[in-house]
Every structure is written in structure tokens, then in C-alpha cells.
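The block underneath contains the structure these notes are about, expressed in C-alpha cells.
Derivation of every value follows stated rules applied to the coordinates shown; laboratory data play no part. Predicted model only: the values in this text are computed from it and were never measured. Cβ atoms come from the backbone with ideal geometry, glycine included; neighbour counts cover every protein chain shown.
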Amino acid sequence: MESVAKAPKVVPSLVAGWPEVAARLRERGMSPEPRRDECAEAYGNRVGTALMAFYRDSRDPSAFEALHALTGPGVLHWIRGLTGRELTSLDPAEILQDTFVNVYRYPGAFRADHCGSFRVWVRTIAGNVVRRAALLRARSAERELAEPSELEDKASGPMQAVLEEDESERLRRAWVLLLCYYAEAWKELSQRDRRTLHLVEVEGLSYQEAGRILAVGRSNMKMIVFRSRRRIARRMLDAMGCARGRAVPELVA
């Protein structure tokens, strides 16, 4: 009886949901479709490296979103293997988000030396995040065990009270000015970003709770908040830099 040859397993396209990103990858000379006889792991590594190189060179948010969606599950599995039973106090999902925040902030550090470059790079970042989180947890535990020091008598005299009152007034003026800069930066955010920050920072909701209201996954909520805070900080720094020669002297007069 003749044996029937098995058809090769078809590897689905990973970038079918991002046609514009796929088109840009083709323009860069990288085929976003699986090659003949290319296994799923090799294909995933190749696409991940290509997406990271594209994001590094263009800062295209669609490229980052595709990269996060396609490689995030594999990185999360890697992180869970790192934490294991000894670091159960660490949240793998939180580690994952911190890892991709670093990817988002420092793309210039990436080098596409081979098809698996992104896998190696992102795992290195994840390992560093795990070690840093474990160290912070250990230090926090040491502080909780340490005995509180005795309170010192810090009663101040009349002159010290005058100085403190003057310092409080300067601080109040600076705080009002800072709030003005924040309000102007807030107006430049999109309606979605303002709503997201309000839910998280004003109403005090967790990323998961806010995500349910906005119909956004928890994995994306932290990135939205991070980007919004960074936009506000940049606009405030720009505004304070322009007003430094005029506003700051008024505060210290």
C-alpha cells in the first residue's frame, strides 16, 4: 500500500491584521509572509526582528502595536519561566508591561544582527526587569522589618517660623504655575487619553478596571497611560523652558 505524503503545515501570516505595516516591511525589503518550509518559531523571530527594526527607524506607533501584540505572549511565557516558584510575589503581566515600556523608550539600543535579534534583546530586558523588581521587593521587606527610629523634637523658633512661612508661599506660587502648565498640556491630549488619565489618576481605578470601561485590554492600558504622561511632561518642559526668563524670577522675587 502506497504511503500518502503529508502536506506541509501551513504557517499563517502574523501581520495580516496590520496591512499598512506589512506594506512598509515590503518596502524595506523584508517579506512579511512565511517562507516555504519556514517553521512558526523561525518565522515569528524573523517578523519580530523586522518589526523592531522598523519601529526603531520610524517610531511608527502601528509598528510598535503590532510588535507588542505578536511577541508579547511569547515574552510573557519567558517571564513566567524566570519567576518560577521562587519569585511568586512578582506579577508576570506587570513585568511584561515594564519590559515593553523599555522597548518603547529605548529603541535606538536595538541591533538587528540576525533573525532572532529581537527575541534575544527583549529577553535580556525582561531578565533585567525581573532582577530589578526582585531587588526592590527585597529592600522593601528589609525596611518593613527595621525598627522605626525615635522622633526628634523639631520645634522651631520665631525666625525659623518666618523662613518656613516664606518658603511655603514660594512653594504655593510655584505649585499654581505648575498646575497652569499642566492644564495647558492636558488640553492638547486626545479625548481618549484625557479620559484614561482621569479614570486612573483621579478616580483611582486600576488598569484592569479602567480598561473595562474603555473597552481596552489591560495590556494596552498601561502603555496608553505611559504615553499620555510623557506627552504632558514634554509639553510642560517645553512651556517652562519658554517661560523661564519671565516666570521663574517672579517666583523667587
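Tabulated values for the structure
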read-out: Fewest-first ranking of Phe110, Phe226, using other Cβ atoms within 10 Å as the exposure measure; value: Phe226, Phe110
read-out: Order of Lys222, Lys187 - criterion: other Cβ atoms within 10 Å of each residue's Cβ, fewest first; value: Lys187, Lys222
read-out: Tensor-based shape of region 19-143 (alpha-carbon gyration tensor, a/c under 1.5 rounded, otherwise prolate or oblate); value: prolate
read-out: Most to least packed among 48-58, 113-123, 206-216 [average Cβ atoms within 10 Å]; value: 48-58, 113-123, 206-216
read-out: Globularity index of region 51-112, i.e. its alpha-carbon radius of gyration over 2.2 N^0.38 Å; value: 1.22
read-out: Global geometry of region 12-59, whether rounded, prolate or oblate, following the gyration tensor of its Cα atoms and the 1.5 cut on a/c; value: prolate
read-out: Fewest-first sequence of Arg231, Arg59 by Cβ atoms within 10 Å of each Cβ; value: Arg59, Arg231
